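**Student:** Can you keep this structure in mind? I'll have questions shortly.
The values are calculated or read from the model by the stated rules, or taken from the named source; none is laboratory data. The shown structure was predicted, so the numbers you read here are calculated from the model rather than taken from an experiment. Here Cβ is always computed from backbone atoms with ideal geometry, including for glycine, and neighbour counts include all displayed protein chains. Areas reflect the complete protein model, heavy atoms only, side chains present, ligands, DNA and RNA absent. Shrake-Rupley method; radii C 1.70, N 1.55, O 1.52, S 1.80 Å.
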Amino acid sequence: MTDLLATLMAWVNATQIPAQLHGMDAHGLFTNGYFLVPFILLVGYMIFKRSVDGLVILGLCVGLWVFSGTPYVQGLYVNGEVQMDKMLPVVGVGVVAMGLLIYIFFIRSD
């Protein structure tokens, strides 16, 4: 079992997806076939099943991931201190995301 796990982890590391996720390399991730093909299949399946909630949640996750990789968000932490004057837009994005999730899960439940 450990040989299978070691082989699987070596394959995952060979695809460089963990390094791309760590470095917030959106261009590199969305041009990697090992990520892009399953992602397109997932979106296609959600469209086929008419899962609007799933598509919105997936879009929200991708959007928050892209937002967290912007230079604005990366500039919040400078010299070991959080820049409080730049926090309002980040808090606003978080409030909108939480509001959307609360609406999907609790208010608009089937």
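**Student:** For residue 45, state whether it is in contact with a helix residue (DSSP H, G or I) (Cβ under 8 Å, 6 or more places away or on another chain) and either open to solvent by 50 Å² or more (accessible area, probe 1.4 Å) or of a type in the set (S, T, N, Q) (or both).
**Tutor:** Against the criterion (in contact with a helix residue (DSSP H, G or I) (Cβ under 8 Å, 6 or more places away or on another chain) and either open to solvent by 50 Å² or more (accessible area, probe 1.4 Å) or of a type in the set (S, T, N, Q) (or both)), residue 45 does not qualify.
**Student:** Have a look at 95, 90 and point out the one that is part of a helix (DSSP H, G or I), open to solvent by 80 Å² or more (accessible area, probe 1.4 Å) and without any contact (Cβ under 8 Å) to a residue 40 or more places away in the chain.
**Tutor:** On inspection, the qualifying residue turns out to be 95.
**Student:** Further, regarding this structure: Please state which one of 56, 96, 62, 66 is within 21 Å of residue 42 (Cβ to Cβ) and modelled with pLDDT of 90 or more.
**Tutor:** Going through 56, 96, 62, 66 in turn, just one is within 21 Å of residue 42 (Cβ to Cβ) and modelled with pLDDT of 90 or more: 56.
**Student:** Condition first: open to solvent by 60 Å² or more (accessible area, probe 1.4 Å) and aliphatic (A, V, I, L, M). Now tell me which residues in region 56-70 satisfy that.
**Tutor:** Selection gives 64, 66.
**Student:** Could you please give the count of residues in region 71-87 that are of a type in the set (Val, Ile, Thr) and open to solvent by 50 Å² or more (accessible area, probe 1.4 Å)?
**Tutor:** 2
**Student:** Conditions: (1) open to solvent by less than 50 Å² (accessible area, probe 1.4 Å); (2) assigned to a loop (DSSP other than H, G, I, E, B); (3) of a type outside the set (Lys, Arg). Residue 53 meets all but one. Number of the miss?
**Tutor:** Condition (2) is where residue 53 drops out.
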